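Quick notes on the structure that follows.
Bear in mind that the values in this text are calculations on the coordinates, not laboratory data. Source: prediction; values computed, not measured. Backbone-built Cβ (ideal geometry, glycine too); neighbour counts: all protein chains shown.
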Amino acid sequence: FVGADTVCAMVASSFSLSSEKPVLLADVGTNSELALLVPKTEKTPAKILCTAAAAGPAFEAANISSGMPSVDGAVDKVSVVGGVFSARVIGGKNALGLCGSGLVSAVSAFLECGAVGEDGAIAGGGPIEICGGVFVSQEDIRNFQLAKSAVATGIGFLLSRLPDGLPQAEFIIAGGFGSRIDVGEAVRTGLFPKKICESALQVGNAALFGASALLFSDSLRKKADELRASSFLVNLAAIPGFQEKFLGNISLREMR
């Protein structure tokens, strides 16, 4: 589940096997590809650990009650003003539904005002109406928890493979969904660990940018092949203790 699109994203994100600093790339979506550049040491060459987190369609709002694509009419930002939910709508028109980045924002707002607990339970049972018929149900919250736990568990596992003594990994967030979310809200919900988000960089559709660049550059095609040859796939489901870590990350709790 990790292929050429991820290699292209690495190229666009300036992955370099000569780097002295770790770099974590997260292309977040239905299938979230994760790649960690581990710099060379005195004993080992540089390598790239890759894995895929099967987040499901929640980040694309495909299995969300009021879900819709990130187009005009979609709520993409939810805040709490004077105890009342306030929605920002793409295109500035009437709200028609909730897109993936809006779901992250909504869950963050619910946590902030106590409408949802860290266990994901809606106070009073729900559903929660955001505005004009756009609402989030208890099942929507559960779907989000499963999706965010898959990504958080994958990120946590890769970061645990870094040798001691290295600086904090640079964090690059790619993809249509990943480029639109508010990183602070993602941290609040436990999607990303706080420690790597202080200087997170959102780069948009890195896979497409990288593929486009390869069309015009022999040197970048050579680099892409070098990155591919130094990449190693990790099957998260086969890792001992994965299920326990996944269940432990279900809660909507900020991770350090």
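Summary table below
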| quantity | calculated |
| --- | --- |
| Nitroxide proxy distance, nm - points 7 Å out along Cα→Cβ at K195 and E118 | 1.8 nm |
| Computed over the range 1-134: relative contact order in percent, which uses C-alpha pairs under 8 Å that are six or more apart | 16 percent |
| Distant alpha-carbon pairs in the range 59-141 (separation over 20 angstrom), percent | 22 percent |
| Simple label model, 7 Å out from Cα along Cβ direction - D72 to L166, nm | 4.6 nm |
| Ranking of S105, S19, S160 by count of other Cβ atoms within 10 Å, fewest first | S160, S19, S105 |
| Test item: Cα-centred dipole of the range 86-155, Lys/Arg +1 and Asp/Glu -1 on Cβ, debye | 280 debye |
| Dipole magnitude of the range 37-170 about its Cα centre (Cβ charges: Lys, Arg +1; Asp, Glu -1), debye to nearest 20 | 380 debye |
| The range 162-203 versus the range 1-63: alpha-carbon centroid distance in Å | 12 Å |
| FRET efficiency for Q138 and A238, using Cβ-Cβ distance with R0 set to 30 Å, rounded to 0.05 | 0.40 |
| Taking the range 179-256 and dividing mean pair separation by its residue count, relative contact order in percent (alpha carbons under 8 Å, at least six apart) | 55 percent |
| Per-residue [θ]222 nm for the chain (sum of -39500 (n - 2.57) over DSSP H runs n ≥ 4, rounded to 500) | -10000 deg cm²/dmol |
| Scattering curve values for the chain, log₁₀ I(q)/I(0), Debye with Cα scatterers, q = 0.07, 0.15, 0.17 Å⁻¹ | -0.25, -1.02, -1.23 |
| Computed lengthening from S179 to R88, 0.36 nm per intervening residue step minus Cα-Cα distance | 31.1 nm |
| Neighbour-limited loop hits for chymotrypsin sites (Phe, Trp or Tyr not before Pro), the range 131-239 (at most 11 other Cβ within 10 Å; DSSP other than H, G, I, E, B) | F216 |
| Too-long pairs where the Cα-Cα distance tops 32 Å, listed order kept, from K47/K148; K93/K148; K47/K195 | none |
| Cα-projected label distance for C131 with T41, points at 7 Å along beta-carbon direction, nm | 5.1 nm |
| Gap separating the Cα centres of the range 85-117 and the range 64-83, nearest whole Å | 4 Å |
| Longest to shortest principal axis, alpha-carbon extents of the range 4-51, angstrom | 38, 18, 16 |
| All aspartates and glutamates inside 18 Å of K222 as judged from Cα atoms, apart from same-chain residues fewer than 8 positions distant | D5 |
